Amino acid sequence: MKVATWNINGVKARIESALTYLRQENPDVICFQEIKSVDENFPAGAFEEIGYNVAVHGQKGFNGVAILSKLPFDDVTQRLPGADDDEQARYIEAVISVPAGALKVISIYAPNGNPLGTEKFSYKLAWLKRLEQHARKLLAEEAAFVIAGDYNIIPEPVDAKRPAAWTEDALFQPESRAAYRRLLNEGLTDAVRLCHPGPGIYTFWDYQAGAFQKDDGIRIDHLLLSPQAADRLKTAGVDRFTRGWEKPSDHVPVWVELDL
DNA sequence: ATGGCGCGTCAAACGCGA
């Protein structure tokens, strides 16, 4: 079973690319981030026509996440616990029945957090703390799950072509990196890093300054697996070829193959 | 050396991203 995640930077702008990718790569599940659409305007029909069930948590103009699955959803939850007043659409969780039992798939769009020293950075850290607390609860259930999405965290210097360029950025702050490391310490597996230990694995290249042509990238989109999902890990990868398409997203899809 | 884009909202710049 192939589970992918892709920050598409606007579903309306990326609908043709998304459909092409799904037809070509045929993932069983894909998590989208930054759909920038309200639920009612999400083009669910176009995805249903090629065989996907659709679960959406959108908002007007910004943010927004979705999960598409060939297998039906048993349950869908649209909120990350811990802040009932949080209006930003950054989280959706779905349970899918698979031959080996059940798989919980979570699509996240973690806050960017720039600029430093503002409420945006404290919101980022608070949101990541909520994610950690929720992950702990899920880990206690000892079930297979994957938290997939745009974490907006560069975990290590090896995850950037030019780490020195990011030292004043929220994505590479010690506090952000520590939040990611805590998820690993608590037992989650970074699937892409496990399968590709070396340098040069990136998932985002800025639109500006010819970043992709220079391969001036960063790795900020991740798939974290629970121990029960990691037991089933076969391979993981990054589909950087989509960054060379016409009108690309600045992020590319990342995926895992699980033996489920 | 520096800066170089793109999306959505709305109908001209602006917020936002990373």
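The values are calculated or read from the model by the stated rules, or taken from the named source; none is laboratory data. On a predicted model such as this, the values are computed, not experimentally measured, just so you know. Cβ placement follows ideal geometry from the backbone for every residue including glycine, while neighbour counts extend to all protein chains displayed. For the accessible areas, the whole protein counts, side chains as well, though only heavy atoms, and no ligand, DNA or RNA atoms are used. Shrake-Rupley method; radii C 1.70, N 1.55, O 1.52, S 1.80 Å.
What is the calculated FRET efficiency for A:Q228 to A:Q208, with r their C-beta to C-beta distance and R₀ = 35 Å, to the nearest 0.05?
On the way: r = 41 Å, r/R0 = 1.18.
Computed FRET efficiency for A:Q228 and A:Q208: 0.25.
Per residue, the accessible area of chain A comes to 42 Å², computed with a 1.4 Å probe over protein heavy atoms only.
Rounded, prolate or oblate, given the Cα gyration tensor of chain A, with a/c below 1.5 counting as rounded?
Numbers: a/c = 1.24, a/b = 1.12, b/c = 1.11.
Rounded is the answer for chain A, as its axis ratio a/c remains below 1.5.
The gain in end-to-end length when the A:E119 to A:Q24 segment is fully stretched comes to 30.1 nm, 0.36 nm per residue minus the alpha carbon separation. Pick from A:T235, A:T189, A:T203 the residue whose mean-square fluctuation is largest in a GNM of chain A, springs joining Cα atoms under 10 Å. The residue with the greatest mean-square fluctuation here is A:T235.
On the basis of the beta-carbon distance and an R0 of 30 Å, A:F73 and A:L194 show a calculated FRET efficiency of 0.60.
Mean separation of Cα pairs under 8 Å and 6 or more residues apart, divided by the residue count, gives the range A:47-153 a relative contact order of 22 percent. Over chain A, dividing the summed -39,500 (n - 2.57) contributions of all DSSP H runs of at least 4 residues by the number of residues returns a 222 nm mean residue ellipticity of -7500 deg cm²/dmol. Work out how much length A:K12 to A:E48 would gain on full extension: take 0.36 nm times their residue separation and subtract the Cα-Cα distance, in nm to one decimal. Result: 11.4 nm gained on full extension.
Between the residues A:I96, A:C31, A:G244, the greatest Cα displacement towards the positive end of the dipole of chain A, with unit charges on the Cβ of Lys, Arg, Asp and Glu, is found for A:G244.
Checking the Cα-Cα distances for A:K214/A:K247; A:K137/A:K247; A:K120/A:K161 against a 29 Å cut-off, the pairs over it are A:K137/A:K247. Note on the range A:47-65 and the range A:158-208: Cα centroid distance 27 Å, given to the nearest whole angstrom. Note on chain A: with neighbouring protein chains present and a 1.4 Å probe, carbon and sulfur make up 51 percent of its accessible heavy-atom surface. For the pair A:E156 and A:W245, a Förster radius of 22 Å applied to the C-beta separation gives a FRET efficiency near 0.20, rounded to the nearest 0.05.
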